[in-house]
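Contents: one structure, followed by commentary.
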Amino acid sequence: MRDATPGTIHLKDYQPPGYLVNRTELHFLLGEEDTIVTSKLHLLRNTEGSSSGELELDGQDLELVEIRLDGEILEADRYELREASLLLRDLPEQCLLSCVTRIQPQLNTSLEGLYRSQTMFCTQCEAEGFRKITYYLDRPDVMSVFTVTIDADASRYPVLLSNGNLEETTLLPSGDTRVVWHDPFPKPSYLFALVAGQLEHVEDSFVTCSGRDVTLRIYVEEKDIDKCGHAMDSLQRSMRWDEERFGREYDLDIFNVVAVDDFNMGAMENKSLNIFNTSCVLCDPDTTTDVGYQRVEAIVAHEYFHNWSGNRVTCRDWFQLSLKEGFTVFRDAEFSSDMGSRTVKRVEDVTLLRSAQFAEDAGPMAHPVRPESYIEINNFYTLTVYEKGAEVVRMIHTLLGPDAFRAGSDLYFERHDGQAVTCEDFVLAMEEASGKDLSQFRNWYSQAGTPRLAVSESWDEDAGAYTLSVAQSCPPTPGQAEKKPFVIPLGIGLLGDAGNLRLQLEGEEPDPELEDNTHTVLMVDQQQQDFVFTGLPEKPVPSLLRGFSAPVRLDFDYSREDLCRLMSGDDDGFVRWDSAQTLAVGVIAEVQQQLASGGEPVVDPLFLQASIQLLQDPSLDPAMLAEMLTLPSENYLAELAGEGAADVDAIHSARRAVQAAVGGHCAQALEQRYRELRVEEAYAASGAQIAARSLRATCLTYLAAAGERGLELAQEQFSAADNITERLSALRVLSHFGKRADWEQPMEQFYKDWGHETLAVNQWLALQATMPDDAAVARVRHLMEHPDFDIRNPNKVRSLVGTFAGQNPVNFHRADGTGYRLLRQIVAELNAINPQIASRLLAPLTKWRYYSGRADLMRAELEQLAALDGLSPDVFEVVSKSLK
Ligand code: TRP
Ligand code: ZN
């Protein structure tokens, strides 16, 4: 924490490091009261840096015990201890710098650097946590070969891990155990890791494509040893997939994963020693939902894939974060698509992007995929850098085609192996391998904001010519008033009476080689463009933005009849889903207006009819059907309403009224599907079972929205369930649609049965945080006093408070301001405990511009935070930017 106003760091100020650290030797003496860290840095002046003998090492919350240069104690006038650094002068070109520092991991609640989680020691160094361990050039472009020695009491810490290979284990005269780990691959400090604790492990192996036999281990607390199977299986499938799909082989003989309870994010890709939040690795039918199983698979893959996209080739500076994160999210999304349903995965990703990333891009913290400046880098691990960054990589994949994309990826890895590079280097490799010019495409990296495509049509009956006019624009974002046009790949098809029509663009030669001439990708690269299709037998319905080919908003004035046709008859699964969403958005808006003018809500019969048809369509995968039947979320509807126009109560009531109408109208079909899809076999996280449970939950929701029958079925389901997925979906329906008498007893029962399982309790907290009834704020406050709640544990805070602020719009935005106050108070408290979590929790308050009737209340809370003493840079940045 700093007292002065924290400064801004700019990409344009990047300078190469003055020194390189060829080798790094670390020695840890782990103790209960303090830990002594001794570092030996083999320094070499960087010929590419500004050559002077001055070196500023980063360091935070460290106590310097001793410092030596080439073995000699350094006199006090040769260095200067600053607030967050150690400045050294007159260093020779090459030298050995040794530092002894003292730290107190047991007092470290920020969960970065070396800290304690339960009884173990663990580390989290990305982005800038290593500087809380020892003085160092804590920046990703300084890559070094690490040797790590750990001394610890083996009775408390029988497992002692770090990166790379275990070189020796010895018993010291003191009784402590000493281990030495050596990682042969040079790496930046953010990939360093250390774990010490009383841990059990499961072990398996993987033989790589070139025959390397890799030992795979997952380390957990003893009680969780039976929850590792799914993660291990996911790891093995990821390793095989990366060889086959990207030609990437694993490069060491060992790969370790450790599960920790107290963790700021999902997981961390430290070289050969991935550290995971327990919630992202442990799986058990009684503690992990179906969605949880899929999340574990995706995150295990994501961290594993970082071994190439992130570790072997890393980032030059933190402005390039999306270089590793966007690319790796693209890779893990492709993996998940290959493991399950591609369309369903796409729909899930688009749902997240539209409901949350679009909002970020339209808010006060909006930034490009490659930001130009930041105050606190931890605030830039965002949906924009991760998910929009992955969309940018996906668009390159679309523009180049799969083969040229793979060639570009191969070139990138080959050319930059062992280097710290930039997004520009990635794009250059893609250009060179494909021969395509991506000059204008680069605007996706530098410009923030979600582009908007306004599409209109005209039809020339006599000529059989159909014209699509496309206009692109992008709203202003902080620091960027005007935008240059983007290159937007627009996937399209044209739907005729008898199916998809053959496409012939005016002025283009027909391509007889082309197998599928009913689909094409238009290149939208100007502000305004016309695309003319000729030789058409009838006026088509356009199927637009197929596969969600670009992260844009698209406006086209469809009739409801046309949306229904696309929904049931288009070739593109994404467009079918999207048409259902668009239809639902229109219907909910209509009901919202009816309610506002005091009328009875009348849901368009066309929509009810379409819902029945979907339910009775045997060709639809149940998982896809569940997605198509699920109404757009209240958050997404608020986002669509736009600045100054989101009315959470009206949205909630209208959405409910539509749910009730569909539930009533389709009751028979819903109950029939609900019964048919009952899973008789024992729980498995298989695609078929997950799909069935998902559709059953959707049916149950509609039935409960319409009346008592749904609540009866939910009670039955809760009692009969053999897994947490069905317990929670039943409990959700009871607590969202029932009276206290409906949910009180099962809610207690759940805790009685599963109160001993932390991960189950977290979901129990989260569910209660979403309840829309009037008592919600009081309930959340009450649960904050529950013995299982712990403000120092990020999973608990996210489950209870994060879920409340993010997924309970009617109660967070209560007109009495009590929802806002609750959030502000906990953010103020967390600011001193864990600034990263405090700042992330704050996001819902920053959207005050959307909520006209509440804006003053929301701003008032932000202002209170701004006035707080000892504001962390994390919270300062978000508060000050959102008050601007
Ligand atoms: N690199 C991690 C990932 O791939 C992100 C991460 C994990 C992280 N823990 C963190 C970033 C703590 C900042 C702080 O998802
Ligand atoms: Zn990542």
| query | In square nanometres, what is one fourth of the surface area of the convex hull spanned by the alpha carbons of the stretch 311-414? | reply | 7.4
| query | How large is the dipole of the stretch 268-325 about the Cα centre if only Lys and Arg carry +1 and Asp and Glu carry -1, each at its Cβ, rounded to the nearest 20 debye? | reply | 400
| request: Could you state the orientation-averaged shadow area of the convex hull built on the Cα atoms of the chain, in nm² to one decimal? | output: 37.4
| field | Compactness relative to 2.2 N^0.38 Å, alpha carbon Rg of the stretch 685-727 | value | 1.16
| said: Report D for the stretch 353-485 in µm² per second (integer): Stokes-Einstein, Kirkwood Rh on Cα pairs, 10 °C, 1.306 mPa s. | reply: 94
| Shape box of the stretch 183-332 [Cα atoms, principal axes, largest first, Å] | 41, 36, 31
| query | Give me the Kirkwood hydrodynamic radius of the stretch 772-836 in Å, from all C-alpha pairs, to one decimal place? | reply | 12.0
| remark: When Phe548, Phe335 are ranked with the fewest other C-beta atoms within 10 Å first, the list becomes Phe548, Phe335
| Which pairs break 28 Å Cα to Cα here: Lys324/Lys484; Lys12/Lys881; Lys227/Lys752; Lys187/Lys796? | Lys187/Lys796
| Once Lys and Arg get +1 and Asp and Glu get -1 on their Cβ, which of Val602, Asn256, Leu677 lies farthest toward the positive end of the dipole of the chain? | Val602
| DSSP H helices in the chain with Cα extent of 20 Å or more along the helix axis and mean Kyte-Doolittle hydropathy at least -0.5? | 290-305, 321-339, 573-596, 648-665, 687-706, 818-833
| query | Hey, if you put +1 on the Cβ of every Lys and Arg and -1 on every Asp and Glu Cβ in the chain, which of Leu161, Thr123, Leu783 ends up farthest toward the positive end of that dipole? | reply | Leu783
| Inter-label distance for Ala741 and Glu509, nm, one decimal - labels placed 7 Å from Cα along Cα-to-Cβ | 7.8
| message | 7 Å from Cα along Cα→Cβ at both Ser373 and Val532: what's the point-to-point distance in nm? | response | 4.8
| task | Report the net charge of residues surrounding Thr109, where surrounding means a beta-carbon distance below 14 angstrom and charges are Lys +1, Arg +1, Asp -1, Glu -1. | result | -3
| Distant-in-sequence amide H partners of Ser85 (H built 1.01 Å from N, under 5 Å) | Gly59
| request: Return, for the Cα atoms of the stretch 245-330, the radius of gyration and Dmax in Å, separated by a comma. | output: 13.6, 43
| query | Kirkwood hydrodynamic radius of the stretch 165-226 from all distinct Cα pairs, in Å? | reply | 14.7
| FRET efficiency for Arg240 and Leu883, using Cβ-Cβ distance with R0 set to 60 Å, rounded to 0.05 | 0.75
| field | Separation of the Thr47 and Ala682 label points, Cα + 7 Å toward Cβ, nm | value | 6.5
| note | Taking every alpha carbon pair in the stretch 39-191 and sorting the distances into 10 angstrom bins from 0 up to the bin holding the longest one, the percent per bin comes out as 10, 35, 38, 15, 2
| said: Relative contact order of the chain, please, whole-number percent, based on alpha carbon pairs below 8 angstrom and at least 6 residues apart. | reply: 9
| remark: Most exposed first, judged by fewest Cβ atoms within 10 angstrom, Thr119, Thr328, Thr630 run Thr119, Thr630, Thr328
| q = 0.11 Å⁻¹: log10 I(q)/I(0) that the Debye formula gives for the stretch 191-280, counting C-alpha atoms only | -0.31
| Cα-based convex hull, the stretch 509-609, per residue volume (Å³, whole number) | 150
| said: Could you work out the relative contact order of the stretch 155-278? I mean the mean sequence separation of Cα pairs under 8 Å and 6+ apart, divided by the number of residues, in percent. | reply: 24
| said: For the pairs Lys345/Lys483; Lys388/Lys847; Lys345/Lys388; Lys271/Lys436, flag any whose C-alpha to C-alpha distance is greater than 22 Å. | reply: Lys345/Lys483; Lys271/Lys436
| task | Could you tell me which of Leu703, Val296, Pro92 has its Cα farthest along the dipole of the chain towards the positive end, charges placed at Cβ (Lys, Arg +1; Asp, Glu -1), taken about the Cα centre? | result | Leu703
| said: What whole-number volume per residue, in cubic angstrom, does the convex hull of the C-alpha atoms of the stretch 689-830 give? | reply: 112
| said: Please compute the length gained on full extension between His10 and Asp338, using 0.36 nm multiplied by the number of residues separating them and subtracting their Cα-Cα distance. | reply: 114.2 nm
| Which FRET efficiency, nearest 0.05, do Ile612 and Ala866 yield, Cβ-Cβ r, R0 41 Å? | 0.20
| Just for the Cα atoms in the stretch 118-164, what are the lengths along the principal axes, largest first, rounded to whole Å? | 38, 23, 17
| Segment Ala815-Ser619, length gained on full extension (0.36 nm per residue, minus Cα span) | 66.0 nm
| task | About the Cα centre of the chain, how large is the charge dipole given +1 on each Lys and Arg Cβ and -1 on each Asp and Glu Cβ? Please answer in debye to the nearest 20. | result | 1500
| query | How much length is gained if the chain between Ala454 and Asp233 is pulled fully straight, taking 0.36 nm per residue apart and subtracting their Cα-Cα distance, in nm to one decimal? | reply | 75.0 nm
| Sorted by Cβ neighbour density within 10 Å, fewest at the top, the residues Ser409, Ser52 | Ser52, Ser409
| request: Looking at the chain, send over the antiparallel percent of its DSSP beta bridges, to the nearest 5. | output: 80
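Computed from the coordinates by the stated procedures, all read-outs in this text should not be read as laboratory data. Owing to the predicted nature of the structure, the values given are computational and were not obtained by experimental measurement. Methodologically, a virtual Cβ is constructed for each residue, glycine included, from the backbone with ideal geometry; neighbour enumeration extends over all protein chains shown.
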